[in-house]
Amino acid sequence: MTDTSTGIDLHAHSTASDGTLGPAELVQAAATAGLRVVALTDHDTTAGWAAAAAARPTGLTLIRGTEISCRWYGAEPAVPLHLLGYLFDPTDRALRAELDRVRAARTVRGERTVDLLRADGIDVTWAEVLGYAAGGSVGRPHIAQALIRAGLVADTTEAFAPRWLGERYRLPKDDVDVFAAVKLVRDAGGVTVFAHPRASRRGRIVPDSLIVELAAAGLTGLEADHTDHSPAERAHVHRLAAELDLVATGSSDFHGSHKTVQLGAWTTGVEAYERLVAAASGVPPI
Ligand code: AMP
Ligand code: ZN
Ligand code: FE
Ligand code: FE
C-alpha cells in the first residue's frame with residue numbers, strides 16, 4: 001500500500017449518470033489533473049463512452065466502463081452493492097438488456113421517492129429531478145439537488161443523512177443479481193471489480209464469505225483505496241485481495257461538484273492496472 005500517485009484513476013462519473021462534468025469535460029479534466037489513465041464508469045450506462053473517446057486528449061488513456069447497481073440476495077433483505085465493469089463489448093445483447101432494465105428501474109424508484117417526499121409536504125418535483133439528470137441515469141444525487149434547491153439541506157452529503165435519502169426516503173430499486181452481473185460482464189469480454197466493498201458509512205456491507213464466492217465466480221478485483229473506506233477498511237480489502245489473488249485498485253469515484261473528492265485522489269498501481277487490462281477482451285483501452 002502506498003500513497004504514491006500513479007496517475008491511474010479507474011472510477012469516475014459524468015453527466016451520463018450522476019457526475020456534473022460532461023464526458024468530454026471529464027477527460028479534459030483528467031488530463032489537466034495530470035492523470036495518464038481514467039476510467040469512465042457511469043451508473044448502469046455506456047452512454048458517455050463515445051463523447052469521452054472523441055474528446056480524449058493525447059497522452060490520456062481512456063478505460064471504458066460502467067458501475068452496475070447490483071444486489072446480493074443471500075441476506076434478508078438483499079444488500080445493494082456496486083460492481084465496476086471494464087472493457088466489455090457494449091453491444092453485447094444480454095448485458096445491454098440488463099443495463100436498460102436497471103436504468104428503467106432507476107426512473108421508477110426516483111419518481112416513487114419524489115412521490116413519498118411530496119406526500120410529506122416536501123416541495124420537490126419529478127420534473128426538476130429529471131432536469132438535473134438531463135437524460136442520464138437518474139440517481140439519488142439528482143433528488144439531492146432538488147432538496148438543496150428547496151433549501152432543506154446544504155449539500156449532497158446532508159441529503160444522504162438517515163432522515164432524507166439515506167434511510168427515511170430510501171427506496172429499493174430492481175438491481176442485478178451480483179453473480180449474474182459478474183457473468184454478464186465476463187461473457188461480454190470485460191472484467192469486474194467490486195466497488196468500495198467495505199464502505200459501511202453508506203449502508204450495509206457484505207461479508208467476506210460473499211467476496212470469496214464472487215472470486216470463485218469470476219470477479220477480477222476489489223476497490224481497496226476509496227474515500228469511503230477508513231484506513232482499517234482499506235487495509236482489510238488489500239489483505240483480502242492478496243489472499244484471494246484478486247487485483248486491488250484505488251480510485252477517486254469522482255462525481256464533479258456533487259462530491260468533494262477530486263480526480264486522482266486515489267489511484268491504482270501499474271501492475272494491478274496491467275492485470276485488469278490483460279484479463280479483458282471486449283474493447284481495448286484507447
Ligand atoms: P443511487 O445509485 O441512485 O442509489 O445513488 C447512489 C449514489 O449516491 C452513489 O453512487 C453516490 O454517488 C451517492 N451516494 C451514496 N451514498 C452517499 C453518501 N452517504 N453521501 C453522498 N453521496 C452518496
Ligand atoms: Zn454515483
Ligand atoms: Fe458506487
Ligand atoms: Fe461510483
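The values are calculated or read from the model by the stated rules, or taken from the named source; none is laboratory data. Since the structure is predicted, the reported quantities are computational estimates derived from the model, not experimental observations. Virtual Cβ from ideal backbone geometry, glycine too; neighbours counted across all protein chains shown. Surface areas here come from the heavy atoms of the whole protein model, side chains and all, with no ligands, DNA or RNA. Shrake-Rupley method; radii C 1.70, N 1.55, O 1.52, S 1.80 Å.
Can you say what percent of the DSSP beta bridges in the chain, counting only those with both residues inside, are antiparallel? Round to 5.
DSSP beta bridges in the chain are roughly 40 percent antiparallel.
Ignoring ligands, DNA and RNA, what percent of the accessible area of the range 241-286 is carbon or sulfur (1.4 Å)?
Within the range 241-286, the accessible surface is 53 percent carbon and sulfur.
Semi-axes of the equivalent ellipsoid for the chain, please: Cα gyration tensor eigenvalues, times 5, square-rooted, ordered largest first, whole Å.
They are 28, 21, 19 Å, listed largest first.
Mind listing the phi-derived Karplus ³J(HN,Hα) values for the range 265-282, rounded to whole Hz, using 6.51, -1.76 and 1.60 with θ = phi - 60°, and x for any glycine or proline?
Result, ordered by residue: 4, 10, 9, 9, x, 4, 5, 4, 4, 5, 5, 4, 4, 5, 7, 9, 9, x Hz.
In terms of modelled amide H atoms, which long-range or inter-chain residues lie less than 5 Å from the amide H of Val247?
Result for Val247 returns Gly221, Leu222.
Report, in deg cm²/dmol and to the nearest 500, the calculated mean residue ellipticity at 222 nm for the chain, where each DSSP H run with n ≥ 4 adds -39500 (n - 2.57) and the sum is divided by the residue count.
About -11500 deg cm²/dmol.
Which far-off residues, 5 or more places away or on another chain, put their amide H under 5 Å from the one on Leu81, with H placed in the peptide plane?
The list, which skips near neighbours in sequence, is Cys70, Arg71, Trp72.
Using a probe radius of 1.4 Å on heavy atoms only, what accessible surface per residue do you get for the range 43-97? Whole Å² is fine.
39
Go through the range 52-62 residue by residue and turn each phi into a ³J(HN,Hα) via Karplus (6.51, -1.76, 1.60, θ = phi - 60°); whole Hz please, and just put x for glycine and proline.
Taking θ as phi minus 60°, the curve returns 5, 5, 5, 9, 4, x, 4, x, 9, 9, 9 Hz for the range 52-62.
Which percent of the accessible area of the range 86-215 is formed by carbon and sulfur heavy atoms (probe 1.4 angstrom)?
For the range 86-215, the apolar C and S fraction of the accessible surface comes to 51 percent.
With a probe of 1.4 Å, find how much accessible area the range 154-262 has per residue, and write the answer as a whole number in Å².
Per residue, the range 154-262 has 43 Å² of solvent-accessible surface.
So, counting K/R as plus one and D/E as minus one, what does the shell of residues with Cβ under 9 Å around Ser137 add up to?
Charge balance in the 9 Å sphere: -1.
How large is the charge dipole for the chain, taken about the Cα centre, if only the Cβ atoms of Lys, Arg (+1) and Asp, Glu (-1) carry charge, to the nearest 20 debye?
340
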